[in-house]
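Notes follow the structure.
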Amino acid sequence: MNKLKSFLPAFLSIILAFCVGALILLLSNFNPIESYKSLFNGAFGSAYGISETLVKMIPILTIALGTSVAFKAQLWNIGGNGQYTLGCISTVVVCVYFPGPIWLKLLLALIFAIIVGLIFGGLLGLAKAKLNANEVITTLMFDYIIAFFLSYLVYGPLMDPDGHNFPQSKLIDKSVLFTKLIKGTRIHTGLFIALLLVVLLFFFWKTKEGFRIKMIGANPNVAKLSGISVNFQIMLTMGISCAFAAIAGYIDVLGIHGRLQDNIAGTLGSVAIVVALLGNLNPIGIVFSAFFFSALTVGGQCMQRYMGVPYSLVTIIQALVIVFVVASNIIVENRSNK
């Protein structure tokens, strides 16, 4: 019952966001009921719509899971875009340039993505633990550095020679890419990897390591007095968090993109932060939250196509959810501190 109550602020945030969104639609001379009907039909009204919602959900869900790990330890990892991009880069390099059978390429690409995420996150954690570097600044700063590094690669050494000077790498061989689950859609077997990560994280919080991360988030001084190596845990936590985002890159490249492209991450990292918060940092809650935001994206595109509603209004609804979620978290935190 207490767990259900913890999701109440998130639920109310969504309701409020849609109510305010309806008012904005009305003021913009659009019928809110018909607009929302178009949105929900676009996301859930057909097998293709549902499949597209699931496709959009996979990377958001995976990055958000990693974000929640850092947030549980009161470490604000907001660099999901860059960490996702690192996973994309390592996957393409392995699958395009490494020889070997398909199964070996898939396995090596996954291992490389995890290792890259762990090392990168570990270094960020080391900067936090030893130098007290603000992780908000370092993770955000590296987002830009990695984005420029990706641009260098797709305009330079990894650029497809047959790509007519487009900023993209060579295509990964089709035999290596994930299998499509439903013919005529883009939904792929990478969905099972994302759902497996949900299950693993759910049980991870019941382990000693998960307890240590929670303890550091609750009170690092008490954790230290309990014999926990706080510095090591910070490094490990950031490593795990970044590894999730890198795995999201691995899944997306092999499931959707098939190659590197400039600005491949888009806004996935920032959306994942909200999804993690909306899901109350709970793996199951994050699944529903990621599905909701993916449905908004897919349905919003249909609302724009069939109702003429500018997609910017969908962005406003997403932003309203963010505002209400943050506000509700502040209110709940203030009440608990009294």
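The values are calculated or read from the model by the stated rules, or taken from the named source; none is laboratory data. Keep in mind that what you see is a predicted model, and the values were worked out from it rather than measured. As a convention, Cβ positions derive from the backbone with ideal geometry for all residues, glycine included, and neighbour counts pool all protein chains shown.
What tally of residues in the stretch 179-213 results from selecting those that are assigned to a strand (DSSP E or B) and either loosely packed, with under 13 Cβ neighbours inside 10 Å or without any contact (Cβ under 8 Å) to a residue 24 or more places away in the chain (or both)? Counting residues in the stretch 179-213 that are assigned to a strand (DSSP E or B) and either loosely packed, with under 13 Cβ neighbours inside 10 Å or without any contact (Cβ under 8 Å) to a residue 24 or more places away in the chain (or both) gives 1. Just for the stretch 147-195: of the residues that are farther than 16 Å from Val96 by Cβ and of a type in the set (A, V, I, L, M), which one is nearest to the chain's Cα centre (by Cα)? Filtering first and then ranking leaves Ala194.
Output the residue which, of all residues in the stretch 132-146 that are within 20 Å of Val230 (Cβ to Cβ) and within 17 Å of the chain's Cα centre (by Cα), is surrounded by the fewest Cβ atoms within 10 Å (Cβ to Cβ). Here the answer is Val136.
For (1) at pLDDT below 95; (2) touching a Lys or Arg at 6+ places or on another chain (Cβ under 9 Å), each residue gets a yes or a no:
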{"position": "Ile111", "(1), (2)": "no, no"}
{"position": "Ile119", "(1), (2)": "no, no"}
{"position": "Leu123", "(1), (2)": "no, no"}
{"position": "Asn132", "(1), (2)": "yes, no"}
{"position": "Phe142", "(1), (2)": "no, no"}
{"position": "Pro161", "(1), (2)": "yes, yes"}
{"position": "Phe166", "(1), (2)": "yes, no"}
{"position": "Lys170", "(1), (2)": "yes, yes"}
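Being within 30 Å of Leu110 (Cα to Cα) and either in contact with a Pro (Cβ under 9 Å, 6 or more places away or on another chain) or among the β-branched types (Val, Ile, Thr) (or both) is the requirement here; does Val222 meet it? So Val222 fails the test.
The set of residues from the stretch 154-181 being among the polar types (S, T, N, Q) and more than 26 Å from Leu110 (Cβ to Cβ) comprises just one member, Asn165. Of all residues in the stretch 298-308, those being within 23 Å of Leu278 (Cβ to Cβ) and not in a helix (DSSP H, G or I) number 0. Of the residues in the stretch 174-193, at least one is over 30 Å from Lys224 (Cβ atoms) and touching a Cys at 6+ places or on another chain (Cβ under 7 Å). Screening Leu296, Leu281, Leu260, Leu225 for residues that are aliphatic (A, V, I, L, M) and on the phi > 0 side of the Ramachandran plot leaves exactly one candidate, Leu281. When Ile78 is tested against (1) surrounded by fewer than 24 Cβ atoms within 10 Å (Cβ to Cβ); (2) of a type in the set (A, V, I, L, M, F, W, C); (3) more than 18 Å from the chain's Cα centre (by Cα), only condition (3) is not met.
Which residue is nearest to the chain's Cα centre (by Cα), if the candidates are limited to the stretch 22-35 and must be free of Cβ contacts under 8 Å to residues at least 24 places away in the same chain and surrounded by 15 or more Cβ atoms within 10 Å (Cβ to Cβ)? Ranking the candidates gives Ala22 first.
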